[in-house]
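Single-structure report; data block below.
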Amino acid sequence: MNRIGRHLSCTLLGKLEMLNPGGSVKDRIGLTMIEQAEQDGLLRPGGTIIEPTSGNTGVGLAMAASLKGYRCIFTMPDKMSQEKVALLRAYGAEVVITPTAVAPESPESYYSVADRLTEEIPGAFQPNQYHNQTNPESHYATTGPEIWEQTEGRITHFVVSVGTGGTVTGAGRYLKEQNPDIVVVGADPEGSIFTSDEVAPYLVEGIGKDSWPDTLDRDVIDRWITVSDRDSFVTARRITKEEGLLAGGSCGTAVWAALEVGKKLGSDDVMVVILPDSGKNYLSKLYNESWMLEHGFLDRPGTLARIGEVLIEKQKAEPHIPDVVAVPANEKVGRAIDTLQEYGISQVPVAKSDQPQDISDIIGSIRERSLLDRVFRDRDAIERDVAEVMDAPLPTVQSSAGVEDMFADLSRGAEAIVVVDGHTPKGVLTRADLLEFLAHQNRP
């Protein structure tokens, strides 16, 4: 991975588990867990496979079950992508969605629902990837030897995003048997029990846990790195754009951790990072701009800009309009209406003079909408002083503030704001001005 790792001295290699038939690293354990259960007499012809899953293990199990003729029921937390749900159903599996934000011991958790269904349905078997030792054994037998062979024994660091712990335990154990000096790194989402004092919800799928699985051997892991949702998703998108590999969120978690580790490695080091699955299952989430913006993982267009920049752009586009248009408080309403029409504006500050020098000079505002209502009901209002019919002053915002502050005022009902530099009025901006600025910022 020479592009995303271009600033590293070490060699960064990605193992592409998305190239497995079902699209993820979990293909390795699906068939082996079923066949082991058959050998042990736990799963018989006509039986039902029930498993709590984030989706990928379900696909591995469903593929094997479709070949062997088993019924499948999978329980999934509601944070999982719709692509995963649709994929499991495409294989003929039944999917039961459960709440994410509940404790593992809750009757509503996807673990508890799977346990209940296993007890209630005759001939049901739960592989239980979190406790089934066939899980890490599969990686000990396949993933570890493959990495050792493919790197010709040169691997020095192994980075894995940890969920059940099967990959890091099995492959890590094998690699350390070949060379005890190999450093095994576990990448963990913020909020997961592996690295967080307090368990909290997170959005990256398929990794982390709210309880310790039996399939994880903590002694195999030499170092843990905690990764935020934002870093996971942004890094996954970087992998796709820079390496041409459509990567899932857990890939982003692992690669972000690998990049952190790689900062201190030398040219003789060879780091292998597991890329667990494809981004095809996350097109509606981390590859959806609206979803990323909604969760604060991408900056909205223009959010890094300052209000002063918006004002400058407006003044460039409308050089015929004075920087600050104001009407004196003793101006007649009819003349004030002429001012609105002259400059094609719908609101204007009311000040002690038509050229306010200090924010304290602004005492109110007039707005086209309220003026129309007033004049329609009372035609004599045309001859009154503006001070008699004016509305409250427009909100003021410093020119050095971010456009988010302007958006906040406009969202609360203001039709325009007065931009000030310290105490000096510099101009008036409307919703249309902000919209035009954002549209311009978003153009290539």
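Taking each residue of segment 385-411 that is assigned by TED's automatic domain parsing to the domain that holds VAL375 and touching a residue at least 24 places away in the same chain (Cβ under 8 Å) and looking for partners that are in a loop (DSSP other than H, G, I, E, B) and β-branched (Val, Ile, Thr) with beta-carbon atoms closer than 7 Å, six or more apart or interchain, yields GLY402/THR303; VAL403/THR303; GLU404/THR303. Residues in segment 114-134 that are assigned to a helix (DSSP H, G or I), surrounded by fewer than 21 Cβ atoms within 10 Å (Cβ to Cβ) and of a type outside the set (Ser, Thr, Tyr): ASP115, ARG116, LEU117, GLU119, GLU120. Against the test of being over 17 Å from the mean Cα position of the chain (by Cα) and at pLDDT below 95, the options TRP212, TRP291 yield a single qualifying residue, TRP212. The residue that is farthest from the chain's Cα centre (by Cα), counting only those in segment 362-409 that are of a type in the set (Lys, Arg) and surrounded by 15 or more Cβ atoms within 10 Å (Cβ to Cβ), is ARG384.
Scanning segment 184-211 for residues that are outside any strand (DSSP E or B), in contact with a helix residue (DSSP H, G or I) (Cβ under 8 Å, 6 or more places away or on another chain) and either farther than 20 Å from GLY296 by Cα or among the charged types (D, E, K, R) (or both) gives GLU190, GLU205, GLY206, ILE207. Inspection of segment 202-211 identifies at least one residue that is at negative phi, surrounded by fewer than 24 Cβ atoms within 10 Å (Cβ to Cβ) and hydroxyl-bearing (Ser, Thr, Tyr). Considering (1) outside the structural domain of LYS263 (by TED's automatic domain parsing); (2) without any contact (Cβ under 8 Å) to a residue 24 or more places away in the chain; (3) in a helix (DSSP H, G or I); (4) not small (Gly, Ala, Ser), the lone condition that GLU177 does not fulfil carries the number (1). The residues in segment 215-236 that are crowded, with 21+ Cβ neighbours inside 10 Å and under 22 Å from the mean Cα position of the chain (by Cα) can be counted, and the count is 7. Taking segment 53-95 as the range and being part of a strand (DSSP E or B), buried (at least 16 other Cβ atoms within 10 Å of the Cβ) and at pLDDT 90 or above as the test, the residues that pass are ARG71, CYS72, ILE73, PHE74, THR75, MET76, VAL95. In segment 243-265, the residues that are in a helix (DSSP H, G or I) form Cβ pairs under 9 Å with partners that are surrounded by fewer than 24 Cβ atoms within 10 Å (Cβ to Cβ) and of a type in the set (Phe, Trp, Tyr), at six or more places apart or across chains, as follows: ALA257/TRP224.
The values are calculated or read from the model by the stated rules, or taken from the named source; none is laboratory data. Small disclaimer: the values here were computed from a predicted structure and weren't measured. Note that each Cβ is placed from the backbone with ideal geometry, even for glycine, and that neighbours are counted across all protein chains shown.
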